[in-house]
Each structure stands twice: as structure tokens, then as C-alpha cells.
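Down below is the structure, laid out as C-alpha cells.
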Amino acid sequence: MGYAAIFDMDGLLIDSEPFWKEAEKEVFSSVGVQVSEQLTNKTATMTTREVTEFWFSLYPWTGKSLDEVEHAVVDKVETLILERGAELAGVTSLLNFLKEKGFKIGLSTNSPYRLVPVILKKLGIHHYFDAISSADDVLKGKPAPDVYLVTLRKLDIDAKKCIAFEDSFSGLIAAKNAKLKTIVVPHAEVYDQGKFDTSDLKLRSLTEFDGKHLKTLLV
């Protein structure tokens, strides 16, 4: 049956979270939302639909539907990715390493599916992925395990034979609840927060991952 690895996307493969913040501030402000840094940090791990509903519950707007506003955010993020998107350190070399080891590779993201091919093609890594699951595939995004469970089914792999790479705590919880071994790469400013120590392995960068880690995780 072999082994598999499933990756998160935003904040792990690409530093796209600043793009989301920029897009949300521009679009939600345009319909009268008072976007604050504190609340934007709270929405960072939500799906786009959850973010839209969150802001609407606080600052209900008129004139545009939730769908229209949500699509405007995604449109803006897509533009920013095409303009400024770049892979984070170690992504391509790690994907190469895993493929050489015979791993199936999956993607599980809270982003809408339409952004997935945009990001993977921009980074030149779309050909590595055997299965992709997004917010479009599930009713509940991370920290619910659903988007991981869907990818496991698509890969036809048992959770015991699969490792997950994440950068956020909500993603880590999702992967753990799906019974996967977890590798977390927290952002530098939150790296020392104890909550990330619940992961099977914590790294500062994907560049640190090597064969020794595989043997430890997949015993």
C-alpha cells in the first residue's frame, strides 16, 4: 500500500496569508466593515465563507450578497498570488524527496478549490500532487478533520501510513483528529508557543526535514 504525505497550502507551501489579510481588508472595508488586526488574526484559519459570515455578523452590509463579497476576496487573493507569490523554503526539494521515496502526495486546504491550481502552477509544483481536497469538498473546515479524511480516501491510504505537514494550530488539530502523524512548521513569531509541542515533530523550516524523521514517524 505504501506511504503518503498530505500538505496544508497557505502559510506552508506559499506565504499567502498576507495576501488574504490585504484582500480581506480591502474588500470588507469597501462594504463598511471595520477590519481590525486583532479580529483578522482570529479569522486567519477560517474558510473564506466562514470569514465572510463572521464579518457580516458583526457589520451587516447591504447592496452586495455574501457570495459576491466572498468572490471579490478570492479574486483579489488570486491577483496577489499571480503578482507576488513565491514558494517557502524547502518546498520543492521536500516534494522531490518524498516522490523519490515512493510516497503519494496529497493537499488538504481550507482555501476554495479555485485558488489551488493557481498556487500550485505559480510555484511549479502541481505535478507532484496525487489528490487535492479543499473547503469545497467539506461542510466543516479545519480544525475539523474532514478535509484530511477526504484526502485519505482519495489517496486510498490508511492514516497510519500517512504524515501531515501543517503550519497552524487549527491545521495541526485537524490532522491529529484524522489520526495522522503530524509535522508542524509554525511561523517564527509563534514557534515557541507550547500548543505546537503536541505535534509529533516541530520544525522551523521544511528544509530541516530528512530521512531520519521519516523512520521515526512511520515505524
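The values are calculated or read from the model by the stated rules, or taken from the named source; none is laboratory data. As the structure is a computational prediction, the values presented were derived from the model and not from experiment. Note that we place each Cβ from the backbone using ideal geometry, even for glycine, and neighbour counts take in every protein chain shown.
The residues listed here are GLY171, GLY141, GLY106; of these, the one that is in contact with a Lys or Arg (Cβ under 9 Å, 6 or more places away or on another chain), part of a strand (DSSP E or B) and not hydrophobic (A, V, I, L, M, F, W, C) is GLY106.
Just a yes or no: is a residue in the range 197-204 within 22 Å of ALA131 (Cβ to Cβ), assigned by TED's automatic domain parsing to the domain that holds ASP10 and surrounded by 19 or more Cβ atoms within 10 Å (Cβ to Cβ)? No, the range 197-204 contains no residue that is within 22 Å of ALA131 (Cβ to Cβ), assigned by TED's automatic domain parsing to the domain that holds ASP10 and surrounded by 19 or more Cβ atoms within 10 Å (Cβ to Cβ).
Rundown of residues vs (1) within 16 Å of the chain's Cα centre (by Cα); (2) in contact (Cβ under 8 Å) with a residue 60 or more places away in the chain; (3) buried (at least 17 other Cβ atoms within 10 Å of the Cβ), yes/no style:
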| position | (1), (2), (3) |
| --- | --- |
| LEU58 | no, no, no |
| VAL74 | yes, no, yes |
| VAL77 | yes, yes, yes |
| ARG84 | no, yes, no |
| ASN96 | no, no, no |
| SER111 | yes, yes, yes |
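Pairs meeting the criteria (first residue in the range 22-46 and aromatic (Phe, Trp, Tyr), second residue part of a helix (DSSP H, G or I), beta carbons under 6 Å, at least 6 apart or on different chains) are PHE28/TRP55. Summed over the range 76-117, residues that are of a type in the set (Val, Ile, Thr), in contact with a strand residue (DSSP E or B) (Cβ under 6 Å, 6 or more places away or on another chain) and more than 20 Å from LYS160 (Cα to Cα) total 1.
Within the option set GLN38, GLN34, being part of a helix (DSSP H, G or I), of a type in the set (S, T, N, Q) and over 17 Å from VAL77 (Cβ atoms) holds for one residue only, GLN38. The set of residues in the range 3-56 being among the basic types (Lys, Arg) and within 17 Å of the chain's Cα centre (by Cα) consists of LYS21, LYS42, ARG49.
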